[in-house]
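Working notes for the structure below.
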Amino acid sequence: MGPLESLTDPAENEAVRAVAAAFAGMERDFRAAIQAHYAALGIDPPPDRPPAEERIDQLCLLVSHHFRGDLWGYFCAEQAPDALERPDDARAFAGQSDAEWEASMQQLAAAAPDDIDGSTRERAAAIIADRFGVGLDTFEREIVGWTPERTLRRALRGPMDTDIERLRRATAALEQSD
């Protein structure tokens, strides 16, 4: 692949894949250390992760989406709740401010059928569940609260953050046993 082709599809760029491989290798090594730590403590180790090649592909996909300015697309493909329906329609609510979300909830509640009683929030929740397949709390947390920065953080740090939390729990268990 020549330099121009690698710019049109950064996921296939050799340098991007090399960095992704190094990153996936660090995660793999850290995970192995966590699993050994759990085993030494006599605790069932956390489950293993998919092969490093899958993580490399995931990181390259992230770079490709970021390069195209489409972190929403990456979020939908890799991070959105499994039950989320109509992600393209949900995009209209992504990252709304509190005031924007309040106005959106008013509109959603007004669109609710007459047989749905309750507060504005309850009526909006019924519409959200029907249109998007997720509960209102999930929709607010994952869609309304969506940011490109959070998507990047989860994509890059998610596995390490999970392992760090597991290490903290194992350490806390040791401290409590003393």
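Could you list log10 I(q)/I(0) for region 36-118 at q = 0.19 Å⁻¹, which the Debye formula gives when each Cα is one point scatterer? For region 36-118 at q = 0.19 Å⁻¹, log10 I(q)/I(0) is -0.97. Highest-first packing order for the peptide set 85-98, 62-75, 108-121 is 62-75, 85-98, 108-121, based on the mean count of other beta carbon atoms within 10 Å.
Could you do me a favour and compute the accessible area per residue for the chain, 1.4 Å probe, result in Å²?
Result: 59 Å² per residue.
Projected label points at THR120 and ILE164, each 7 Å from Cα along the beta carbon direction, are separated by 3.8 nanometres.
Of the solvent-accessible surface of the chain, computed with a 1.4 Å probe over protein heavy atoms with every protein chain present, carbon and sulfur atoms account for 54 percent.
Once the Cα atoms are used to define both axes, helix 148-177 deviates from the longest principal axis of the chain by about 60 degrees. Note on exposure: MET26, MET105 ranked by accessible area (1.4 Å probe, complete protein assembly) read MET26, MET105, with the most exposed listed first. Working from label points 7 Å from Cα in the Cα-to-Cβ sense, the ASP98 to ASP130 distance is 3.0 nm. Each part gets one Cα centre, and for region 142-178 versus region 64-103 those centres are 22 Å apart.
Treat the chain as a sphere of radius equal to its Kirkwood radius over Cα pairs and apply Stokes-Einstein at 20 °C in a medium of 1.002 mPa s; give the translational diffusion coefficient in µm²/s, rounded to a whole number.
Estimated diffusion coefficient is 112 µm²/s.
Around the Cα centre of region 12-94, unit charges on the Cβ atoms of Lys, Arg, Asp and Glu (plus for the first two, minus for the last two) sum to a dipole of about 220 debye. Going by the alpha-carbon gyration tensor, a ≥ b ≥ c the square roots of its eigenvalues, is region 95-145 rounded (a/c under 1.5) or, if a/c is not under 1.5, prolate (a/b greater than b/c) versus oblate? Oblate is the answer for region 95-145, as a/c is 1.5 or above yet b/c matches or exceeds a/b.
The values are calculated or read from the model by the stated rules, or taken from the named source; none is laboratory data. Note that the structure is a prediction, hence the values are computed from the model and not measured. Note that we place each Cβ from the backbone using ideal geometry, even for glycine, and neighbour counts take in every protein chain shown. Calculation scope for accessible area: heavy atoms of the full protein, side chains included, ligands and nucleic acids excluded. Shrake-Rupley method; radii C 1.70, N 1.55, O 1.52, S 1.80 Å.
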